[in-house]
Amino acid sequence: MYDVGYFKLPDAVGIKTNEEWISIPRISRTIPFGYEVSPDNPDILLPIIEELEALDLAKKYLTEYSYRDVARWLSDKTKRNISHAGLRKRVKIERSRSSKAKAYKNWLTQYEKALHHLEKIEGKYTGAKESTDPNAEKRREQDRETYI
C-alpha cells in the first residue's frame, strides 16, 4: 500500500500490459506527464508506458480520493512530479476531448440518417425524374466520403 498522508491507496492491480501507446508530436515547451522527448527527433514525444498506465489507474482513484492525494501517489509511484493542479488540468482536457469526439460521432450519425432520409424522399415525390447528369452519383459519393 502507498501512504499518502492519512489515506492508503491500494497497490496497482490490473494494469494493462498489452496496451499500445503511440508517439505524439511536440506542440509546446512543456512535456506532458507520461511522455519524454525522443533522442532522435526533439519534435516527437515518446510514451513512457509505466507513467501512462499509472495515470490511467490514478484517474480511477479520483472517484474516491482527492486530486492532492492521487497526485502525491502518482508522483511516488512514477518518480516524476505532478502537482494536483497539473493532474486536474490533464484529466479535464482529456474529458473535454472525449466529449468533443462523442459529439462529432453523434453529428456524423445524424448526418448519415438525414442524408439517407433525403435520398428516400427525393425518389418518392411526385414528378421525380432520374438525374440526367452523369456526374451526379459521383458527386453524391464524394459528399458522403467528405463527412465520413
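The values are calculated or read from the model by the stated rules, or taken from the named source; none is laboratory data. Predicted, not measured: the structure shown is a model, and the values here were computed from it. Glycine also receives a Cβ, built like all others from the backbone with ideal geometry; neighbour counts cover every protein chain displayed.
Those residues that are within 19 Å of ILE24 (Cα to Cα), in contact (Cβ under 8 Å) with a residue 40 or more places away in the chain and buried (at least 19 other Cβ atoms within 10 Å of the Cβ), I need them from region 54-84; list them, please. Even if it seems obvious, please write down each step before you answer.
Initial filter on region 54-84 (within 19 Å of ILE24 (Cα to Cα)): 54-56.
Then keep just the ones that are in contact (Cβ under 8 Å) with a residue 40 or more places away in the chain; that gives 54, 56.
Residue satisfying the conditions is ALA54 alone.
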**Study point:** Conditions (1) among the basic types (Lys, Arg); (2) at pLDDT 90 or above; (3) surrounded by 11 or more Cβ atoms within 10 Å (Cβ to Cβ): number failed by ARG95
**Key:** (2)
Check your understanding: Scanning for something under 21 Å from the mean Cα position of the chain (by Cα), within 21 Å of GLU94 (Cα to Cα), assigned to a strand (DSSP E or B) and modelled with pLDDT under 90, does region 21-33 turn up at least one residue?
Key -> yes
Exercise for review: Enumerate the pairs (first residue in region 25-50 and buried (at least 17 other Cβ atoms within 10 Å of the Cβ); second residue anywhere and of a type in the set (Asp, Glu) and in a loop (DSSP other than H, G, I, E, B)) with beta-carbon separation below 6 Å, excluding pairs fewer than 6 apart on the same chain, so at least 6 apart or on different chains.
Suggested key: ARG26/ASP43
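Of all the residues that make up region 61-95, how many are more than 20 Å from TYR35 (Cα to Cα), part of a helix (DSSP H, G or I) and within 22 Å of the chain's Cα centre (by Cα)?
The initial filter retains those residues of region 61-95 that are more than 20 Å from TYR35 (Cα to Cα), namely 61-69.
Narrowing the set further to residues that are part of a helix (DSSP H, G or I) leaves 61, 67-69.
Imposing the further condition that a residue be within 22 Å of the chain's Cα centre (by Cα) reduces the set to 61, 67.
Total satisfying the criteria: 2.
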